[in-house]
1. So, in segment 177-197, of the ones that are part of a helix (DSSP H, G or I) and of a type in the set (Gly, Ala, Ser), which residue ends up farthest from residue 161 (Cα to Cα)?
2. Answer with yes or no whether residue 245 is of a type in the set (A, V, I, L, M), surrounded by fewer than 20 Cβ atoms within 10 Å (Cβ to Cβ), modelled with pLDDT of 95 or more and over 16 Å from the mean Cα position of the chain (by Cα).
3. Looking at 110, 78, 10, 53, which is the one that is touching a residue at least 60 places away in the same chain (Cβ under 8 Å), farther than 21 Å from residue 186 by Cα and within 16 Å of the ligand (Cβ to nearest atom)?
4. Restricting attention to segment 29-42, and to residues there that are part of a loop (DSSP other than H, G, I, E, B) and touching a residue at least 24 places away in the same chain (Cβ under 8 Å), which single residue is nearest to the chain's Cα centre (by Cα)?
5. For residue 26, state whether it is within 18 Å of residue 220 (Cα to Cα), touching a helix residue (DSSP H, G or I) at 6+ places or on another chain (Cβ under 9 Å), of a type outside the set (Ser, Thr, Tyr) and not in a loop (DSSP other than H, G, I, E, B).
6. Since residue 86 meets every condition but one in (1) within 19 Å of residue 188 (Cβ to Cβ); (2) more than 14 Å from the chain's Cα centre (by Cα), which condition does it not meet?
7. Which one of these is among the small types (Gly, Ala, Ser), in contact with a Phe, Trp or Tyr (Cβ under 6 Å, 6 or more places away or on another chain) and in contact (Cβ under 8 Å) with a residue 40 or more places away in the chain: 64, 93?
Amino acid sequence: MSETVLDEALVAALEAFSSKPRVLVASDFDGCVSPIVSRPADARPNPRSMAALETAAVSPQTYAALVSGRARVDLQSLSGASGNITLVGSHGAEFADGFESAISVEQEALLARIVSEFTSISARFPGTSVERKPASVTLHTRMASRDDAVAALHLAENGPATWDGVHVMNGKMVIELAVVETSKGHALDRLRGTLGVDAVIYLGDDVTDEKAFAHLRQGDVGVKVGDGPTAAEFRVPDPDGVAAVLESVTALRQ
Ligand SMILES: [Mg+2]
């Protein structure tokens, strides 16, 4: 069991949130439900958080969602989520019914150019790697030396990141370039509308989660995981804190 003690203001906000008739419990995956790991493929969810989300998803008038930067298919396999949990991949752009907008031939060609450029950058800096997703390409540098990571990211930022039609997402030790507009904020808006919920709680740890926090409204609860500037009203230190929040909400909803 976690020793995480949630602060009083957060506990009060969770109680107020849980008293709403119809709610959505949503979280980022990496760094929140799953601890950050050096190799993205090694990510494993905290069983407590997944259990809490699964229970929330079958509680009355309660919905659960994971909103991740990962390709939706990877989010599915890594999380092991049941069909009761809504999965949104590619930073909010990829739902069960596909992408918000279909990817054009031109966007496919642009994606191929970015892959090619990232592959040649990665070849020069040991420990960096390229991950292709359906509508974006990520350059990972977490396994590289500090100097190599900085140099590789610099080349990406001053190269393909500046091309027309490219949407840039900077994360912790990664740069991701998408050929479609992505936003976890828009994803939350869509879920809110589709599910017809009265309030949303969202937990996130990275730069891209700030777009989700920015779309929260009165009565919603935003929880930033870890350090760093944020628009979220509340904060927990780590994935154990996430588990504590999810278990608390789930207990209140049952
Ligand atoms: Mg994250």
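1. From segment 177-197, those part of a helix (DSSP H, G or I) are 184-195; that's our starting set.
Checking which are of a type in the set (Gly, Ala, Ser) leaves us with 185, 187, 193.
Working: 185: 22, 187: 23, 193: 33 Å.
The qualifying residue farthest from residue 161 (Cα to Cα) is 193.
2. Numbers: of a type in the set (A, V, I, L, M): yes; surrounded by fewer than 20 Cβ atoms within 10 Å (Cβ to Cβ): no; modelled with pLDDT of 95 or more: yes; over 16 Å from the mean Cα position of the chain (by Cα): yes.
The answer is no for residue 245.
3. Details: 110 fails: within 16 Å of the ligand (Cβ to nearest atom); 78 fails: touching a residue at least 60 places away in the same chain (Cβ under 8 Å); 10 fails: within 16 Å of the ligand (Cβ to nearest atom).
Result: 53 is the single residue among 110, 78, 10, 53 that is touching a residue at least 60 places away in the same chain (Cβ under 8 Å), farther than 21 Å from residue 186 by Cα and within 16 Å of the ligand (Cβ to nearest atom).
4. 29
5. Details: within 18 Å of residue 220 (Cα to Cα): yes; touching a helix residue (DSSP H, G or I) at 6+ places or on another chain (Cβ under 9 Å): yes; of a type outside the set (Ser, Thr, Tyr): yes; not in a loop (DSSP other than H, G, I, E, B): yes.
In short, yes.
6. (2)
7. Values: 64 fails: in contact with a Phe, Trp or Tyr (Cβ under 6 Å, 6 or more places away or on another chain).
Among 64, 93, only 93 is among the small types (Gly, Ala, Ser), in contact with a Phe, Trp or Tyr (Cβ under 6 Å, 6 or more places away or on another chain) and in contact (Cβ under 8 Å) with a residue 40 or more places away in the chain.
The values are calculated or read from the model by the stated rules, or taken from the named source; none is laboratory data. This is a predicted model, so every value here is computed, not measured. We place every Cβ from the backbone using ideal geometry, glycine too, and count neighbours over all the protein chains shown.
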